[in-house]
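Below: one structure, written as structure tokens.
The values are calculated or read from the model by the stated rules, or taken from the named source; none is laboratory data. Being a predicted model, the structure only gives us computed values, none of them experimental. Cβ sites come from the backbone with ideal geometry, for glycine too, and all protein chains shown count toward neighbours.
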Amino acid sequence: MATIPQIRNRLLEGFPEPQADLLAHVFVESQDQLVTKAELNELTGVVKDLAVAQGRTEQRVGELVVAQGRTEQRVEELAVAQGRTEQRVEELALAQGRTEQRVEELALAQGRTEQRVEELAVAQGRTEQRVEELAVAQGRTEQRVEELVIAQGRTEKRVETLAVAQGTTEQSLWALTESHNQTQQELRGLTKTVQEFVAEQKKMRIRLDDSDGRTLELLLRTRLPAYLGPHMRKCRVITVEQILDTVEGRLTIEEIEDLLRIDILATAEVDGTLMHLAGEVSRTAHKQDVVRALRRAEHLRKAGLPTIAFVACDAITHKTAELASREKVRVLIKGRLLPETA
């Protein structure tokens, strides 16, 4: 009868060392039940057949592992399929774990009964069926990868088309920019021309205002007494030369020179008191007209001559009228003296 080491050495040909040790002891413990050498040889043959089947299983699993490696390499190029491939790998690892567990159970039960060996063979069949199913699933995965590669090619072609369209758009934009720059340059030239025209118009308006102002001034020199008659008595227009003797020595040279540039000077009785009237004449009264009339009236008051400042015009802005009212400067507009405000 074979010894445990002999049986162990023979079992090592098809099983890992822990399983070979366990099966050898099982064989020795069950030696009372092994009647003949033929039966031992038969049991040994079954074990060898099981080892061969295990080898085929491990070879198939190895082939699947190699195929899975190829699949993972291709799946890395397409991030969309990564999750599904990893799930398949996990299922394969779980199936491998179940296979190893079944083989371990077969080794433990081998020495007990032939029925257990038969059950293990059936379980092996299920394992091989599962491996076949995994192989089919692997084929489907590879087919999906091919489809994704084709779709990626279509995407890259579309990107190339969009790149060409982008180039055309950029070229059109560059031409539009050039046209815009040229338009801007022409617009700047036109703006300069308009500004020059506006400046010339402003100068012409000033000249027209001066001309109209002189015409109005000449008219006032003859019509002022009539315009002020309802409000003042004995109104008459005089010249600055007529009061020079009075103001000299009381005013500075600059103040006298400023008086000599007054537009119109007159005298009139107001409530029985002789008053001097210092006026500025303009077709349209502005702030500076009010300021000049007020300043020149102050010169006369400084020289001891009671004076009323006024502006004569055909039109006056609202702000200028408010300024004249605050400074007590009377306004004669179109021959009508506006009433004083409190």
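Annotations
- Members of region 216-250 found to be assigned by TED's automatic domain parsing to the domain that holds residue 313, surrounded by fewer than 18 Cβ atoms within 10 Å (Cβ to Cβ) and touching an Asp or Glu at 6+ places or on another chain (Cβ under 9 Å), listed by number: 233, 234
- Residues of region 215-271 that are outside any helix (DSSP H, G or I) and charged (D, E, K, R): 233, 234, 236, 248, 250, 261, 263, 269, 271.
- Within region 134-162, residues that are without any contact (Cβ under 8 Å) to a residue 24 or more places away in the chain sit with their Cβ atoms under 9 Å from residues that are assigned to a helix (DSSP H, G or I), at 6+ positions apart or across chains, in these pairs: 146/74.
- Here region 63-82 is the region considered, the condition is being modelled with pLDDT under 85 and among the small types (Gly, Ala, Ser), and the residue that is farthest from residue 149 (Cα to Cα) is 67.
- Yes/no for residue 99 being assigned to a helix (DSSP H, G or I), within 60 Å of the chain's Cα centre (by Cα) and within 21 Å of residue 62 (Cβ to Cβ): yes
- Looking only at region 110-134, and only at residues there that are surrounded by 15 or more Cβ atoms within 10 Å (Cβ to Cβ) and at pLDDT below 80, the one that is nearest to the chain's Cα centre (by Cα): 134
- Set 101, 87, 31: member being of a type in the set (S, T, N, Q) and modelled with pLDDT under 75: 31
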